[in-house]
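The values are calculated or read from the model by the stated rules, or taken from the named source; none is laboratory data. As the structure is a prediction and not an experimental result, all values here were calculated from the model. No Cβ is skipped: glycine too gets one built from the backbone with ideal geometry, and neighbour counts run over all protein chains shown.
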Amino acid sequence: MPEADEADLRARVRRLADTLPPADGEDGDHRLNPDGAEAWLAAAPREAAVLVPILDRPAGLQVLLTTRAAHLRQHAGQISFPGGGIDPEDAGPAEAALREAWEEIGLEPAQVDLLGALPRYRTTSGFRIHPVVGRVDPRFTPRLNDVEVADIFEVPLRFLMDPANHRRDSRLWRGHMRHFYVMPFAERHIWGVTAGILRGLYERLYPT
């Protein structure tokens with residue numbers, strides 16, 4: 001994606017504000033793994049929400065990502081968005097995503113301008129994730145909860161929205177070959193659900 005397209009990318013991100021409340025439709029692992037997906041799609045999912053945080057830096061828009069703590073039982077050491085399960089007391093996915101971002105990285109809800117929501121994302125592990133996109137005040141200073149988060153870093157949105165950087169990969173998982181997106185960035189290995197949600201953001205920003 002040429003640097004001249006940064007202004008166009010900013011304009012596309014601003015237009016996401018028209019998609020709240022959450023957009024209809026479901027995305028998910030079944031797009032790349034249709035065989036046998038009927039069974040796990042039919043099961044009652046666990047509801048979760050993540051915040052896709054975008055910061056406007058002088059060099060361009062950046063996406064903030066975290067590395068999960070190495071001692072966690074699930075997805076240890078993987079790259080993810082701030083997020084987690086939707087609690088009964090949460091008013092909805094957006095409130096849950098903001099609460100989790102506060103708990104995990106110290107991002108105050110007042111520092112986030114909600115821009116829109118992406119289609120819900122179903123995972124083979126039984127979750128239905130509600131991705132909420134927000135513009136973050138660039139003056140935000142992270143405060144990591146080291147019980148859950150080992151690291152926080154930024155990736156240029158231009159890089160993540162360039163389809164040339166969307167690689168498809170596969171590995172054997174629970175006796176089946178699982179296919180997924182990978183978006184390698186320097187030494188960071190962005191893959192799986194996180195890469196799938198970013199691919200969904202790309203498809204929302206650049207519809208065919």
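Identify, please: which residue in region 73-92 is over 13 Å from the mean Cα position of the chain (by Cα), closer than 17 Å to Thr123 by Cβ and not hydrophobic (A, V, I, L, M, F, W, C) and is, among those, modelled with the highest pLDDT?
The first filter runs over region 73-92 and keeps only residues over 13 Å from the mean Cα position of the chain (by Cα), leaving 73-77, 85-92.
In the following step, the residues that additionally are closer than 17 Å to Thr123 by Cβ were identified as 73-76, 85-86.
In the following step, the residues that additionally are not hydrophobic (A, V, I, L, M, F, W, C) were identified as 73-75, 85.
Values: Arg73: 62, Gln74: 64, His75: 60, Gly85: 95.
Per the stated criteria, the residue is Gly85.
Go through region 158-193 and give me each residue that's in a loop (DSSP other than H, G, I, E, B) and modelled with pLDDT of 95 or more.
First, the residues of region 158-193 that are in a loop (DSSP other than H, G, I, E, B): 161-162, 166, 174-175, 186-187.
Selection gives Met161, Asp162, His166.
Go through (1) crowded, with 18+ Cβ neighbours inside 10 Å; (2) in a strand (DSSP E or B); (3) without any contact (Cβ under 8 Å) to a residue 60 or more places away in the chain; (4) of a type in the set (D, E, K, R) and name the single condition Asp113 misses.
Going through (1) crowded, with 18+ Cβ neighbours inside 10 Å; (2) in a strand (DSSP E or B); (3) without any contact (Cβ under 8 Å) to a residue 60 or more places away in the chain; (4) of a type in the set (D, E, K, R) one by one, Asp113 breaks only (1).
Asp151 versus (1) more than 25 Å from Gln111 (Cβ to Cβ); (2) among the acidic types (Asp, Glu); (3) touching a Ser or Thr at 6+ places or on another chain (Cβ under 8 Å): which is the lone unmet condition?
So the condition that Asp151 fails would be (1).
Could you please give the count of residues in region 116-138 that are in a loop (DSSP other than H, G, I, E, B) and of a type in the set (A, V, I, L, M)? Before you say what the answer is, go through the steps one by one.
Step one: of region 116-138, the residues in a loop (DSSP other than H, G, I, E, B) are 118-119, 123-126, 137-138.
Going one step further and asking which of them are of a type in the set (A, V, I, L, M), we end up with 118.
Residues that pass the stated criteria total 1.
Among Glu103, Glu89, which is assigned to a helix (DSSP H, G or I), of a type outside the set (Lys, Arg) and surrounded by fewer than 19 Cβ atoms within 10 Å (Cβ to Cβ)?
Numbers: Glu89 fails: assigned to a helix (DSSP H, G or I).
After applying the criteria, what remains is Glu103.
Would you point out which residue out of Ala49, Ala4 is within 24 Å of Gly134 (Cα to Cα), among the hydrophobic types (A, V, I, L, M, F, W, C), modelled with pLDDT under 90 and not in a loop (DSSP other than H, G, I, E, B)? I'd like the intermediate steps shown before the answer.
Values: Ala49 fails: modelled with pLDDT under 90.
It is Ala4.
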